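Engineer: Please find one structure pasted underneath; my questions will follow.
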Amino acid sequence: MFHIPLYHYKVQDWERKQDKLLDLYCDIASDLENCNDELSDVYTDYFNNYGKTRYKNFVVDILRDELGRFQDEEQLYKPFVDEMWIQKYVEGSFHTPHNHGQLGFSSVLYVKFDANVHTPTRFIAPFPDIRGNILEHSPEVEEGSIVFFPSMLHHYVLPNEAKDVRIILSMNIREGKD
């Protein structure tokens, strides 16, 4: 009756693309150090560059194949990346349940992620099961995985219990108009 789309791809030519994304991360790392959420201790440039990220075109070019595949499979009309940001999770960092608005899709790209010590994003269904229980889903991801999901879907990240840093890149994708 109801279906919640979730697209999960492995980024092609990941090692080369990861190097470029980590270089980008190094370029903005000092910006991130000054922008952490006091509650969750997540370092992010979301609020500094909201809607006008200076590296958006660079990343869109790197992920052109994956974005094109997603656009074709979801049959989006004139899609565009509306916002983009990077988040760094240090030991103890987490992200509280939130969503990215009622329109479009969002994504998480796992740039630096060790499946042995880090946890993936946890998605919360917008409805309970027949017993009233909350339904959650965590896709099996690895470094180089990108997951696209409806922006309205609540999601969160459990505390990072590892000393290893977890880095993700997120974006919001909207449909264009005539």
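The values are calculated or read from the model by the stated rules, or taken from the named source; none is laboratory data. Keep in mind that this is a model prediction, so the values were computed, not measured. Glycine gets a Cβ as well: all are built from the backbone with ideal geometry, and neighbour counts include every protein chain shown. SASA here: full protein model, heavy atoms, side chains in, ligands and nucleic acids out. Shrake-Rupley method; radii C 1.70, N 1.55, O 1.52, S 1.80 Å.
Engineer: Treating cross-link reach as a plain straight distance, find the aspartates and glutamates whose alpha-carbon is under 20 Å from the alpha-carbon of residue 163, omitting any fewer than eight places away in the same chain.
Structural biologist: Cross-link targets: 33, 37, 38, 41, 91, 114, 142, 143.
Engineer: Can you give me the accessible area per residue for region 1-160, using a 1.4 Å probe, in Å²?
Structural biologist: So region 1-160 comes to 56 Å² accessible per residue, rounded to a whole number.
Engineer: Where the centroid of each part is defined by its Cα atoms, how far is region 85-148 from region 65-79 in Å?
Structural biologist: Centre-to-centre (Cα) distance: 21 Å.
Engineer: In the chain, carbon and sulfur make up what percent of the accessible area (probe 1.4 Å)?
Structural biologist: Details: 4960 of 9910 Å².
C and S atoms contribute 50 percent here.
Engineer: A follow-up question, please. From the square roots a ≥ b ≥ c of the eigenvalues of the alpha-carbon gyration tensor of region 71-178, which class results: rounded (a/c under 1.5), prolate (a/b over b/c), or oblate?
Structural biologist: On the way: a/c = 2.08, a/b = 1.27, b/c = 1.63.
Oblate shape, in that a/c is at least 1.5 and b/c is the bigger or equal ratio.
Engineer: Something else about it: Step through the table entries 20/177; 10/88; 17/177; 10/177, compare each Cα-Cα distance with 28 Å, and write down the pairs that go over it. Display every interim value, and only then the final one.
Structural biologist: Numbers: 20/177 32 Å; 10/88 21 Å; 17/177 31 Å; 10/177 30 Å.
In this structure, 20/177; 17/177; 10/177 lie more than 28 Å apart at Cα.
Engineer: Okay, moving on. Output the peptides 121-133, 161-173 sorted from most to least packed, where packing is the average of other Cβ atoms within 10 Å over each peptide's residues. Numbers along the way, then the final one.
Structural biologist: On the way: 121-133: 11.7, 161-173: 18.7.
Highest mean packing first, the order is 161-173, 121-133.
Engineer: Which residue fluctuates the most in the chain, going by a Gaussian network model with Cα springs under 10 Å, if the choices are 99, 160, 57?
Structural biologist: Maximum among the listed residues: 57.
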